[in-house]
Amino acid sequence: MIIGRGYYVSSLRQELIARNTSYATLNLLPHVTSYGELPVVVYQQSACGRHHGNFISASYRAILRRPQWRKRLQKVHSQGRRSLPARDGLWRELDSSLSSDALLMNIFCYPGVTRRMEVRGILGLDAANPPEFGFMPRVPLLTQATERTEIDMKLGNILFEAKLTEGDFQIQRAELVEHYRDFSKVFECRQLPRADKEYVSYQLIRNVLAAHALNLDFCALLDARRPDLIDDWYGITRCIRWATLRAQCKVLTWQELAACLPATLQRFLSAKYGIVPS
């Protein structure tokens with residue numbers, strides 16, 4: 001039997017829903033569930049405003065102390081009005097138990113994580129600077145303008161794209177992708193995966209181009225339970241023309257990263273996400 005992308009997405013979503021239903025109930029955390037066949041747990045901030053069920057406490061305190069990090073919490077949930085119970089305020093994307101952005105911030109906002117030698121070693125970090133979430137690179141276009149589509153995180157010399165239960169790396173029309181100035185210089189274009197007149201894994205293509213333009217590394221953070229996304233990664237990186245740029249691009253699983261994290265954070269990731277150090 002051939003196991004496809006839909007199986008991996010559905011399997012991981014079901015596991016995270018079961019884990020978070022149990023986690024929220026056992027810890028008496030304020031939450032609701034979305035409408036639909038697979039009710040997703042969506043957390044709410046505590047009444048005092050100092051805690052949030054979707055975040056480990058140490059990370060959430062750190063987020064609240066930094067205005068730029070706190071601003072990231074305000075991203076509006078794109079399906080909140082349709083799929084979640086009505087409330088006075090808007091639902092936020094990082095309230096969802098399936099949010100890869102929340103997972104990213106749980107880890108990299110945890111005090112001391114970016115200073116750990118094990119973390120810096122596995123990532124290849126050249127400095128322990130605070131992470132920038134929603135980083136806007138300036139990717140050159142053929143028109144001499146620049147595009148500033150956001151990237152999940154910049155940390156030191158590395159750009160990061162984080163995925164959890166997302167279906168793929170998105171597709172984009174060929175004429176838009178080919179409008180990047182360095183597209184044909186960086187990639188063996190005819191080898192890139194396509195679906196008719198669209199390029200597959202557009203986010204990876206764009207982020208490799210951003211890394212090239214800024215002379216940075218690029219890392220995709222993926223779940224080991226999503227081999228389909230890992231295959232997508234290799235489908236793009238094998239088309240990079242230069243060995244030096246390919247070497248600046250890496251893929252890392254949450255499970256591999258978890259092995260380098262503090263024990264308290266490891267226990268949180270295991271209970272809430274099923275992410276166990278590999």
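The values are calculated or read from the model by the stated rules, or taken from the named source; none is laboratory data. Computed from a predicted structure; not experimentally measured. When we count neighbours, we look across all protein chains shown, and the Cβ atoms used for this are built from the backbone with ideal geometry, even at glycine. Ligands, DNA and RNA are stripped out before the accessible areas are found, and what is left, the full protein with its side chains, is counted by its heavy atoms. Shrake-Rupley method; radii C 1.70, N 1.55, O 1.52, S 1.80 Å.
Every residue in segment 140-162 that is open to solvent by 50 Å² or more (accessible area, probe 1.4 Å) and in contact with a Phe, Trp or Tyr (Cβ under 8 Å, 6 or more places away or on another chain), please.
Leu142, Glu150
Can you name every residue in segment 184-224 that is in a strand (DSSP E or B) and in contact (Cβ under 8 Å) with a residue 24 or more places away in the chain? If the condition is that a residue be in a strand (DSSP E or B) and in contact (Cβ under 8 Å) with a residue 24 or more places away in the chain, then Phe187, Ala195, Glu198, Tyr199, Asp217, Phe218, Cys219, Ala220, Leu221, Leu222 are the ones that fit.
Number of residues in segment 195-205 that are open to solvent by 10 Å² or more (accessible area, probe 1.4 Å), modelled with pLDDT of 95 or more and farther than 24 Å from Arg13 by Cβ: the value is 1. Annotation note: of Glu166, Glu188, Glu175, the sole residue that is in contact with a helix residue (DSSP H, G or I) (Cβ under 7 Å, 6 or more places away or on another chain), more than 24 Å from Gly121 (Cβ to Cβ), acidic (Asp, Glu) and open to solvent by 20 Å² or more (accessible area, probe 1.4 Å) is Glu166. Scanning segment 36-62 for residues that are more than 20 Å from Pro262 (Cα to Cα) and hydrophobic (A, V, I, L, M, F, W, C) turns up Leu38, Val40, Val41, Val42, Ala47, Cys48.
Residue count for segment 17-39, restricted to those that are part of a helix (DSSP H, G or I) and under 15 Å from Leu98 (Cα atoms): 8.
Residues Leu229, Leu252, Leu261: which one is in a helix (DSSP H, G or I) and not aromatic (Phe, Trp, Tyr)?
Sole residue among the options that is in a helix (DSSP H, G or I) and not aromatic (Phe, Trp, Tyr): Leu229.
Annotation note: of Pro39, Pro67, the sole residue that is more than 20 Å from Leu269 (Cα to Cα), open to solvent by 60 Å² or more (accessible area, probe 1.4 Å) and of a type outside the set (Ser, Thr, Tyr) is Pro67.
Contact annotation: no residue pair with Cβ atoms under 7 Å, 6 or more positions apart or on different chains, pairs a residue in segment 225-253 that is open to solvent by 50 Å² or more (accessible area, probe 1.4 Å) and β-branched (Val, Ile, Thr) with a partner that is part of a helix (DSSP H, G or I) and at pLDDT below 95. Residues in segment 70-93 that are open to solvent by 70 Å² or more (accessible area, probe 1.4 Å) and farther than 18 Å from Phe133 by Cα were compared, and the one that is modelled with the lowest pLDDT is Asp88. Only a single criterion out of (1) hydroxyl-bearing (Ser, Thr, Tyr); (2) in contact with a Pro (Cβ under 9 Å, 6 or more places away or on another chain); (3) crowded, with 18+ Cβ neighbours inside 10 Å is not satisfied by Ser46, namely (3). What is the number of the single condition among (1) in contact with a strand residue (DSSP E or B) (Cβ under 8 Å, 6 or more places away or on another chain); (2) within 21 Å of Leu28 (Cα to Cα); (3) in a helix (DSSP H, G or I); (4) free of Cβ contacts under 8 Å to residues at least 60 places away in the same chain that Arg61 does not meet? The single condition Arg61 does not satisfy is (1).
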